[in-house]
1. Is there a residue being in contact with a Leu (Cβ under 9 Å, 6 or more places away or on another chain), surrounded by 13 or more Cβ atoms within 10 Å (Cβ to Cβ), modelled with pLDDT of 80 or more and of a type in the set (Val, Ile, Thr) anywhere in region 44-60?
2. Note down all Cβ pairs under 6 Å where the first residue falls in region 76-101 and is within 17 Å of Lys193 (Cβ to Cβ), the second is hydroxyl-bearing (Ser, Thr, Tyr) and open to solvent by less than 50 Å² (accessible area, probe 1.4 Å), and they're at least six residues apart or on different chains.
3. How many residues does region 87-108 contain that are within 15 Å of Leu120 (Cβ to Cβ) and part of a helix (DSSP H, G or I)?
4. Looking at region 64-100 only, could you name the residues that are open to solvent by 50 Å² or more (accessible area, probe 1.4 Å), within 26 Å of Leu179 (Cβ to Cβ), modelled with pLDDT of 95 or more and not acidic (Asp, Glu)?
5. Can you confirm whether Pro172 is within 11 Å of the chain's Cα centre (by Cα), open to solvent by 80 Å² or more (accessible area, probe 1.4 Å) and either over 15 Å from Met83 (Cβ atoms) or not polar (S, T, N, Q) (or both)?
6. Please work out if Thr111 is part of a loop (DSSP other than H, G, I, E, B) and of a type in the set (Ser, Thr, Tyr).
7. Mind listing whichever residues of region 109-133 are free of Cβ contacts under 8 Å to residues at least 60 places away in the same chain, more than 24 Å from Asp85 (Cα to Cα) and open to solvent by 20 Å² or more (accessible area, probe 1.4 Å)?
8. How many residues are open to solvent by less than 10 Å² (accessible area, probe 1.4 Å) and either of a type in the set (Ser, Thr, Tyr) or under 12 Å from the mean Cα position of the chain (by Cα) (or both) when one looks only at region 145-157?
Amino acid sequence: DTSLFFLSLSEFLRNAEIWIEVVSAEESISVKYNCLDLSSSSAKKFLHEQLEEFSYQEIPENNPLISIPVYYSKEFGLDIDDMTDKLSLSLQEIVDLHSSITYKVKAVGFTPGFAYLGDLPDQLFMSRLDRPRVSLLPGSVGISENRTGIYPFGGPGGWRIIGRTPKKLFDPKKNNPFLITAGKNIKFEAITKKQYEDYEQENL
């Protein structure tokens, strides 16, 4: 799995304080450095040295399964009506398909804590929105092509929104504040509106 390789490599590269940021994608990796402190040739040389030291070890498959409760609804699912129309599926069929898969974290980006989860069932394949929304609610669950993901902090986004989770995905008190990280397995669980409201009350 190339995505897990790059996730593992990014963790290794971050151990070197010379890099400002290391960002892993599914089939690539981006390394950022301060060009005022380091020349491009020196950065390239140091990177090559790190790559020679790197030994890939597959992330164990015995990671605990993280269950994410989701209230799939037209109330929070901003694109449910459009999807049921274009995919010729009912809301329940969309829910059943989306929650039937155990997803793996393929990459983490474009905002802090946003994890790209795959692979989505073929029946739910839809392109991104032509015009991204400016502000989504925290916990919004979206899909785009063969990926699904959750917006931990809300904000801008162009994925098709099908529901919302009341589960907190960020806890600043923990050493690793993000619940969903590299190598984790994720399963979505459909909940009712009352369950959603009860969950919110318990976590106030």
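1. no
2. Val95/Tyr72
3. Summing the residues that are within 15 Å of Leu120 (Cβ to Cβ) and part of a helix (DSSP H, G or I) in region 87-108 gives 7.
4. Ser67, Leu78, Ser100
5. No, not satisfied.
6. For Thr111, the condition - part of a loop (DSSP other than H, G, I, E, B) and of a type in the set (Ser, Thr, Tyr) - is met.
7. Selection gives Phe110, Thr111.
8. Within region 145-157, residues that are open to solvent by less than 10 Å² (accessible area, probe 1.4 Å) and either of a type in the set (Ser, Thr, Tyr) or under 12 Å from the mean Cα position of the chain (by Cα) (or both) number 4.
The values are calculated or read from the model by the stated rules, or taken from the named source; none is laboratory data. The model shown is predicted, which means the values in this text are computed figures rather than measured ones. Using ideal geometry, Cβ is built from the backbone for each residue, glycine included, and neighbour counts are taken over all protein chains shown. These area figures cover heavy atoms from the full protein model, side chains too; ligands, DNA and RNA do not enter into them. Shrake-Rupley method; radii C 1.70, N 1.55, O 1.52, S 1.80 Å.
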